[in-house]
Amino acid sequence: MKKQIALSAVGKDQPGIVAALSKVFFDNQCNLEDSSMTRLKGDFAVLLLISLPENRTPEDLRKAVEPAAQKWGLVFSMRELPPGEMEPGASGSLPYTLVVYGVDHPGIVYRIAQAAAEERINITDLRTHVTPGPQAPLYSLAMEVEVPGARGAGAFGKRLEALKKELKVEVSFKAVEAEEL
Amino acid sequence: MPVLPVLTYPNPFLKQKAPALSPGDPKGPQALKDLEDTLSAYPGCVGLAAPQVGCLARALVVDLSRSSRPCENHGRLGLLNPEIVEASQWKPGREGCLSFPDLLANVKRAQRIRVKAFDGKWEQVDLVFTGFEAVALQHEIDHLDGILFLDRIRSSKDLFERRKAAT
């Protein structure tokens with residue numbers, strides 16, 4: 001059975017990191033599947049799923065990645081996915097996008113994420129930015145969430161209205177629209 | 001020639017809906033004059049709405065002839081009480097805003113709109129805009145309703161920091 005590995009790595013941003021890592025996977029006949037890589041200020045962060053060929057063990061891959069990670073100054077960790085985690089998330093949930101922005105202060109993400117967790121809303125993607133702003137630092141956050149049914153969306157929407165006032169932020173919470181072409 | 005400071009978020013003016021001007025109100029042409037003078041002071045800026053300079057009135061200017069992207073345009077245009085009466089050909093594109101100097105976002109806008117409005121002499125106009133000029137108009141008309149471009153983001157991947165060229 002196919003083995004899947006989740007690998008995360010982070011280190012000082014510089015040209016060559018993606019090439020160095022993907023060379024290790026290529027040389028070891030691993031397939032790079034889903035991945036998300038981005039620069040956060042001066043650091044480069046890598047999150048990826050790799051499938052291993054039959055003749056390689058997770059330990060083989062770890063030994064192959066180690067020298068590259070050392071050379072490029074990356075801290076990395078990896079784990080094998082159990083079969084149940086190799087499938088995408090639960091079906092039947094509704095995708096929504098949530099955008100929040102306002103003057104930066106501690107607790108914005110925590111309060112929003114806590115409300116989501118209490119409504120059984122799953123955050124599937126989250127991006128945040130702190131930008132200087134001429135008057136005060138601006139915090140902006142955009143996330144994709146999975147809502148368990150329309151009633152869940154309504155309940156979360158009400159809590160967001162309350163949080164908007166309390167946290168003094170702007171909030172937009174909308175169902176994801178996809179156009180079939 | 002007053003060049004007014006452009007307000008940035010979180011200035012509360014930006015989230016308010018501006019009331020319509022009464023036809024003939026001299027406040028309208030005055031607002032357009034101030035907006036034009038202010039726009040001229042920001043190179044590369046193609047549009048400004050009155051709430052961005054602290055004036056709660058339904059007035060805006062666009063000037064796509066200043067755009068770094070060549071596009072069809074009406075030149076410098078000041079509009080009062082603008083109203084979008086037709087919108088079609090929706091497409092996402094990347095926008096910035098003087099009121100959020102460090103952010104960019106992908107926003108879906110109509111590529112063709114028809115706008116009814118009054119000009120600086122309070123004469124009624126009925127104009128069709130296409131492409132980037134249509135996008136700019138929608139962005140400015142949103143300002144009159146207290147809607148900012150971040151309110152129109154439809155995906156977590158549509159928000160970006162403006163990367164400044166290294167100096």
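The values are calculated or read from the model by the stated rules, or taken from the named source; none is laboratory data. Bear in mind that the values here come from a model prediction, so they are computed numbers and not experimental data. Counting neighbours? That spans all protein chains shown, and the Cβs are built from the backbone with ideal geometry, glycine included.
For residues in segment B:153-167 being within 12 Å of chain A (Cβ to nearest Cβ) and among the hydroxyl-bearing types (Ser, Thr, Tyr), which is surrounded by the most Cβ atoms within 10 Å (Cβ to Cβ)? Applying the filter and picking the extreme gives B:156.
Anything in segment B:112-137 that is exposed (fewer than 15 other Cβ atoms within 10 Å of the Cβ) and within 14 Å of the chain's Cα centre (by Cα)? List them, or say none. Correct list: empty.
Return a yes/no flag: does segment A:130-139 have any residue that is among the small types (Gly, Ala, Ser) and assigned to a helix (DSSP H, G or I). Checked segment A:130-139: no residue is among the small types (Gly, Ala, Ser) and assigned to a helix (DSSP H, G or I).
Starting from residues that are in contact with a Phe, Trp or Tyr (Cβ under 8 Å, 6 or more places away or on another chain) and in contact (Cβ under 8 Å) with a residue 12 or more places away in the chain, keep the ones in segment A:22-42 and report whichever is surrounded by the most Cβ atoms within 10 Å (Cβ to Cβ). Steps first, please.
Taking segment A:22-42 as the starting set, the residues that turn out to be in contact with a Phe, Trp or Tyr (Cβ under 8 Å, 6 or more places away or on another chain) are A:31-32, A:37-38.
Among the residues that remain, those that are also in contact (Cβ under 8 Å) with a residue 12 or more places away in the chain are: A:31-32, A:37.
Details: A:31: 13, A:32: 15, A:37: 13.
Result: A:32.
Selection of segment A:164-181 for residues being touching a strand residue (DSSP E or B) at 6+ places or on another chain (Cβ under 7 Å) and either in a helix (DSSP H, G or I) or not acidic (Asp, Glu) (or both) yields A:164, A:167, A:168, A:169, A:171, A:172, A:173, A:174, A:175, A:176. So which residues in segment A:131-144 are of a type outside the set (Ser, Thr, Tyr) and within 9 Å of chain B (Cβ to nearest Cβ), if there are any at all? Across segment A:131-144, the qualifying residues are A:132, A:133, A:134, A:135, A:136, A:138, A:141, A:142, A:143, A:144. Filtering segment B:1-38 to residues that are crowded, with 17+ Cβ neighbours inside 10 Å and either of a type in the set (Phe, Trp, Tyr) or not in a loop (DSSP other than H, G, I, E, B) (or both) leaves B:9, B:13, B:14, B:28, B:29, B:31, B:32, B:34, B:35, B:36, B:38.
Quick one: which strands (runs of 3 or more DSSP E) sit completely within segment A:43-120 and have at least 3 residues that are within 14 Å of chain B (Cβ to nearest Cβ) and surrounded by 15 or more Cβ atoms within 10 Å (Cβ to Cβ)?
Details: elements: A:43-52, A:74-80, A:94-103.
Answer list for segment A:43-120: A:94-103.
Does residue A:168 satisfy the criteria of being at the interface with chain B (Cβ under 9 Å from one of its Cβ atoms), exposed (fewer than 14 other Cβ atoms within 10 Å of the Cβ) and modelled with pLDDT of 95 or more? Spelling it out, residue A:168 is indeed at the interface with chain B (Cβ under 9 Å from one of its Cβ atoms), exposed (fewer than 14 other Cβ atoms within 10 Å of the Cβ) and modelled with pLDDT of 95 or more.
Of all the criteria given as (1) modelled with pLDDT under 95; (2) surrounded by fewer than 18 Cβ atoms within 10 Å (Cβ to Cβ), the one not satisfied by residue A:153 is (2). Residue A:152 is checked against (1) within 14 Å of chain B (Cβ to nearest Cβ); (2) out of contact with any helix residue (DSSP H, G or I) (no Cβ under 9 Å at 6 or more places or on another chain) and fails just one. What number does that condition carry? In the conditions (1) within 14 Å of chain B (Cβ to nearest Cβ); (2) out of contact with any helix residue (DSSP H, G or I) (no Cβ under 9 Å at 6 or more places or on another chain), residue A:152 misses (1) alone.
Out of the residues in segment B:111-152 that are within 13 Å of residue B:83 (Cα to Cα) and aromatic (Phe, Trp, Tyr), state the one that is farthest from the other protein chains (Cβ to nearest Cβ). Working first, answer last.
As a first pass, look at segment B:111-152 and keep what is within 13 Å of residue B:83 (Cα to Cα): B:113-119, B:124-129, B:134, B:137-145.
Narrowing further to those that are aromatic (Phe, Trp, Tyr): B:118, B:129.
Working: B:118: 30, B:129: 23 Å.
Only one residue fits best here, namely B:118.
Quick check: is even one residue across segment A:10-29 within 17 Å of the chain's Cα centre (by Cα) and of a type in the set (Ser, Thr, Tyr)? Checked segment A:10-29: no residue is within 17 Å of the chain's Cα centre (by Cα) and of a type in the set (Ser, Thr, Tyr). In the set A:41, A:23, A:12, only one residue is at pLDDT below 95 and charged (D, E, K, R); that residue is A:41.
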